[in-house]
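K.L.:
Below is the structure I would like to discuss, written out as structure tokens.
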Amino acid sequence: MGNKNQNGEALQLTEQQDLEMILAIIHENFRNITNVGALIRVTGFAETDCTRLFRTYMKMTPMEYMRRYRIKIACQLLMNTNLSVTEISEQCNMNLSYLCKKVREITGFSPLEYRRNHWRKQNE
């Protein structure tokens, strides 16, 4: 039994390392990875393996993670730059209307309202 447990733990550690490597690649290349095929090409993982890792450890698909990561970056750009919303959508490789919709869904504010609210909080 001990060997099975050790093998299971070793497998889990390897999977976590694989996931960390995939996440690092996504974070560096999120502007260029537009679909699962591109993610697979960049990481070298099989689609089924990549999807399984994300579902197991992240509780979402790789593309859902990509979308959420892009929105996170967009919100950071809204808070920390003077870039227009259009420029931010281009920097994050997102459709402008989709970006506005998702920022509102996640934050409860339009991108410009989000920027104004954050600016006020920083200067209070």
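K.L.:
After finding the eigenvalues of the alpha carbon gyration tensor for segment 1-118, what semi-axes result from the square roots of 5 times each, listed largest first in whole Å? Intermediate results must be reported in sequence, preceding the final value.
P.N.:
Details: eigenvalues 231, 46, 25 Å².
Semi-axes from the Cα gyration tensor: 34, 15, 11 Å.
K.L.:
Beyond 18 Å, what percent of the Cα pairs of segment 51-124 remain?
P.N.:
On the way: 1120 of 2701 pairs.
Considering segment 51-124, 41 percent of its Cα-Cα pairs are separated by more than 18 Å.
K.L.:
Return the distance in nm (one decimal) between the two label points of a simple spin-label model at Asp18 and Ser97, each offset 7 Å from Cα along Cα→Cβ.
P.N.:
It is 3.9 nm.
K.L.:
What's the lysine pair count for the chain at a Cα cut-off below 30 Å, pairs eight or more apart or interchain?
P.N.:
9
Read-outs throughout are calculated quantities, based only on the coordinates presented, and are distinct from any laboratory measurement. Because the structure is a prediction, the values reported are computed rather than measured. Note that we place each Cβ from the backbone using ideal geometry, even for glycine, and neighbour counts take in every protein chain shown.
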